[in-house]
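Where a number appears in this text, it was derived from the coordinates with a stated rule and is not lab data. Computed from a predicted model, the values in this text were never measured in an experiment. Counting neighbours? That spans all protein chains shown, and the Cβs are built from the backbone with ideal geometry, glycine included.
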Amino acid sequence: MTPLATPLALQLPGAPSLVFLAYVLLFLPWAALRSRRRLATLRAEGGAGRPLTRAAVWMSTIVSLVILLVLAVLVGRGFGYDFFALPALDVQVLGATVGAFAACLLLRQVLRALRSEDERRRAVVYLIAPRTPRERVLWALACVLAGVAEETAYRGVGMATLWYALGDPWASALILSAAFAVAHAAQGWKSGLAVFGIALVMHALVQFTGSLLPAMLVHAVFDLVAGAIIARDARKLDAEAAAG
């Protein structure tokens, strides 16, 4: 199975692939919703109980991404998935890669416009944005890992497996994009819509280029750029809060 292979009919994947689909489509969204409820409870209680540090959040994120990547690689190797297929080095691929990055930035700007000032101040991404050098290192590592692990899992192995099972690339991409959005539920439903759109952009990029590598690059760079902007804004909010 490859991202560009068209199955002949509906087929049941092997047990490892089914377990992987359950992990991506069911467990990760459930875990994200659970984390969102936990965060809401902590806010309602004013942070009572054991404090959750930003470093701990990024370390937990890194561990989760490593687990996701390992599972995806193990399952993908079982059916010969080509993780490092190189795209054609031509103007079309370059244009698609740049266009995908621009589309992600546009979706982020739309999200920002949809949020009120109070929503931006209370957004989880500002709460966990890195402030210290150690937090920045962990955050940067998480961004790079997200680009590799999430593209491998959702646009790579997950897409190949679900497409094989359903025989429909469009339905497969929509299901995986929805699961990807819910897996980011802690960021709020408006962010979820943007994440859903970004996921579709990444699916389109992988299908157009026939490779995960451009999507990995776009994903990682976008997370780094967006995260740097958020961290800058978070520092301004901290300064305003201290002054107030």
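Side notes on the structure shown:
- For the range 220-232, the Karplus equation 6.51 cos²θ - 1.76 cosθ + 1.60, evaluated at θ = phi - 60°, returns couplings of 5, 5, 4, 4, 5, 5, 4, x, 5, 5, 5, 4, 4 Hz by residue, with Gly and Pro reported as x.
- Going from the fewest other Cβ atoms within 10 Å to the most, the residues Y126, Y164 appear in the order Y126, Y164.
- Sorted by Cβ neighbour density within 10 Å, fewest at the top, the residues L237, L176, L205, L111: L237, L111, L176, L205
- Burial order of peptide ranges 113-119, 83-89 (average beta-carbon count within 10 Å, highest first): 83-89, 113-119
- Here volume of the Cα convex hull per residue in Å³ was computed from the coordinates, and among (i) 127; (ii) 116; (iii) 215 the match is (i).
- Estimated from helices alone, the mean residue ellipticity of the chain at 222 nm is -24000 deg cm²/dmol (sum of -39500 (n - 2.57) over DSSP H runs with n ≥ 4, per residue).
- ³J(HN,Hα) computed for each position of the range 53-66 - Karplus, 6.51 cos²θ - 1.76 cosθ + 1.60, integer Hz, glycine/proline x: 7, 4, 4, 5, 4, 6, 5, 4, 5, 4, 4, 4, 5, 5
- Shape class of the range 184-233 from the alpha-carbon gyration tensor: oblate, with a/c at 1.5 or above and b/c at least as large as a/b.
- Sorted fewest first by neighbouring Cβ atoms within 10 angstrom, V201, V73 come out as V73, V201.
- Spin-label model distance (nm) - A171 vs A228, 7 Å beyond Cα toward Cβ: 4.3 nm
- The range 90-187, Cα convex hull volume normalised per residue, Å³: 140 Å³
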